[in-house]
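The values are calculated or read from the model by the stated rules, or taken from the named source; none is laboratory data. Here the structure is a predicted model, which is why all the values come from computation and not from measurement. Methodologically, a virtual Cβ is constructed for each residue, glycine included, from the backbone with ideal geometry; neighbour enumeration extends over all protein chains shown.
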């Protein structure tokens, strides 16, 4: 028997157990075999890639099922297998009762079992591996009566392949493997987007993620189905939009959605940014600037990612970025990977804030008597606009609040950079305390967004001294957040409200909160460090308060 590992991920022609030819597609393998053995008909099969991390799981599933139970891995997991990518989401289809099979597998694998849709017969198993990775296994009955109908009813050919878990035979009736090789995104049928309009967003996202070219006929079908997005639930639109923002090349995706005519329906506040001129040092109109912010934010996060890749910091300015802030790459990575709700990371929320940070500039546009262009209050107004969009998308209240904080305060970073560059004054301890008092952990997002915003404002005209000042401010803020939190960000509490009531015979009311906040700010600035000093400080504050205000 041949060493089949050499053909991993290829189609092969086999005669009497011997591989005689290979190719990237079934047709290539067949043609190559005919040139050698033109009088014989070989078996054309796909050789799976080298054993993936879930192959042992497939073996365990096969062992737990009756020998005559058809069971297929389908969709994105098969695509990722061909690309040698790891995945934690595995979809399976089978004839018959997927719920009953799911319960049986859950018992055999020691997995948690959840019925997702009892009417349509879909179940989810959640399995935790030895390294604490969670795997999600979704089981469903055939859609359409048999495996071929199920595959033809899927979105794109690259997602319409199936793998028999026992024979490891690839079933590819629509040519998805060839399309994957040729970097093509093709809809499975003419009705793909009418059947499920959210696939328009998914097509754009997957084309960007895998570097695919969307075929002209598929693009045309997408355009024709755009109005059908109006019948898609806000939650599904939110989830697909968020995946775009969390994934690679979000600015490319936004440009594509704009060209398709999707933006007015999906993100109706954004088209007004197009063509809106901005004063120097801006080099772009407001819409192009917004997309450039997404680009620079992605580049900055790549350069500061926990797994450092020097090629991702290839230009001089990002080289300086890595030198000044590279020490925080692990903390930044953990921060962005965390989530307010399990399905949506803070990274995605940061990109949503970046997308909406200047959304109110059209409404705030103001010309002074000298012809100077200003956008007074666009940050505060923009926070409300972004919040309304997030509310329409059914984000959680905590996510909406964080989005508002980032958009409303995105100019504060620039204030400190300008002050350092023009006056040589670094952020004081009081300024650092107030920065994080307003933003809390979102202050990290404000730093990252501020750096990207600065790059997008100047582009190639950015003076090196301005960038160095921005990096100095960023380093000071991040250093205080992660290395000196008890000094300047959240000093330990020296007094409580009860202390103030008992020590100074005060009555409950707003004055108590104001005094406690004044004590904490005095701690952050280094004026007081002990409880007796705090009591003296309060005594002094009360002595300066007019009698009628006590």
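Of the set (1) in a helix (DSSP H, G or I); (2) crowded, with 21+ Cβ neighbours inside 10 Å, all apply to residue 458 but (2). Only one of the numbered conditions (1) under 25 Å from the mean Cα position of the chain (by Cα); (2) on the phi < 0 side of the Ramachandran plot; (3) assigned to a loop (DSSP other than H, G, I, E, B) is violated by residue 413, and that is (3).
None of 180, 174 is in a helix (DSSP H, G or I) and either in the same structural domain as residue 96 (by TED's automatic domain parsing) or touching a residue at least 40 places away in the same chain (Cβ under 8 Å) (or both) except 180.
Scan segment 347-365 residue by residue and report those that are assigned to a helix (DSSP H, G or I) and more than 10 Å from residue 246 (Cβ to Cβ). Result: 353, 354, 355, 356, 361, 362, 363, 364. Flag set for residue 470, criterion: buried (at least 19 other Cβ atoms within 10 Å of the Cβ), closer than 25 Å to residue 429 by Cβ and assigned by TED's automatic domain parsing to the domain that holds residue 319.
Evaluating residue 183 against the criteria (1) surrounded by 18 or more Cβ atoms within 10 Å (Cβ to Cβ); (2) farther than 26 Å from residue 55 by Cβ leaves one unmet condition, (1). Quick check, is residue 167 surrounded by 14 or more Cβ atoms within 10 Å (Cβ to Cβ) and closer than 28 Å to residue 102 by Cβ? Criteria not met by residue 167. Here the condition is being closer than 22 Å to residue 428 by Cβ and over 28 Å from the mean Cα position of the chain (by Cα); of 486, 479, 503, it holds for 486 alone. Within segment 422-430, not a single residue is surrounded by 18 or more Cβ atoms within 10 Å (Cβ to Cβ), free of Cβ contacts under 8 Å to residues at least 60 places away in the same chain and part of a helix (DSSP H, G or I).
Anything in segment 28-44 that is surrounded by 13 or more Cβ atoms within 10 Å (Cβ to Cβ), part of a helix (DSSP H, G or I) and touching a residue at least 12 places away in the same chain (Cβ under 8 Å)? List them, or say none. Result: 28, 29, 30, 32, 33. Residue pairs whose Cβ atoms lie under 6 Å apart, sitting 6 or more positions apart in sequence or on different chains, and linking a residue in segment 468-482 that is farther than 20 Å from residue 441 by Cβ to a partner that is surrounded by fewer than 21 Cβ atoms within 10 Å (Cβ to Cβ), are 469/420; 469/421; 471/324. Remark: residue 509 falls outside the filter, which requires a residue to be outside the structural domain of residue 420 (by TED's automatic domain parsing) and in contact (Cβ under 8 Å) with a residue 60 or more places away in the chain. State which residue is nearest to residue 144 (Cα to Cα) when the search covers only segment 189-201 and only residues that are free of Cβ contacts under 8 Å to residues at least 40 places away in the same chain and surrounded by 21 or more Cβ atoms within 10 Å (Cβ to Cβ). Among those that are free of Cβ contacts under 8 Å to residues at least 40 places away in the same chain and surrounded by 21 or more Cβ atoms within 10 Å (Cβ to Cβ), it is 192.
Listed here are the residues, each with its yes/no results for (1) modelled with pLDDT of 95 or more; (2) surrounded by fewer than 19 Cβ atoms within 10 Å (Cβ to Cβ); (3) touching a helix residue (DSSP H, G or I) at 6+ places or on another chain (Cβ under 9 Å); (4) over 24 Å from residue 358 (Cβ atoms).
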| residue | (1), (2), (3), (4) |
| --- | --- |
| 179 | no, no, yes, yes |
| 187 | yes, no, yes, yes |
| 203 | yes, no, yes, yes |
| 228 | yes, yes, yes, yes |
| 255 | yes, yes, yes, no |
| 262 | yes, no, yes, no |
| 285 | yes, yes, yes, no |
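Take the conditions (1) touching a residue at least 60 places away in the same chain (Cβ under 8 Å); (2) outside the structural domain of residue 363 (by TED's automatic domain parsing); residue 212 misses just one of them, which is (1).
Residues are listed down the side, and each one gets a yes or a no for (1) under 24 Å from residue 290 (Cβ atoms); (2) in contact with a helix residue (DSSP H, G or I) (Cβ under 8 Å, 6 or more places away or on another chain); (3) surrounded by fewer than 18 Cβ atoms within 10 Å (Cβ to Cβ):
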residue	(1), (2), (3)
214	yes, yes, no
231	no, no, yes
238	yes, no, no
259	yes, no, yes
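For residues in segment 347-393 being touching a residue at least 12 places away in the same chain (Cβ under 8 Å), within 28 Å of the chain's Cα centre (by Cα) and loosely packed, with under 15 Cβ neighbours inside 10 Å, which is farthest from residue 405 (Cα to Cα)? Checking each candidate, the answer is 392.
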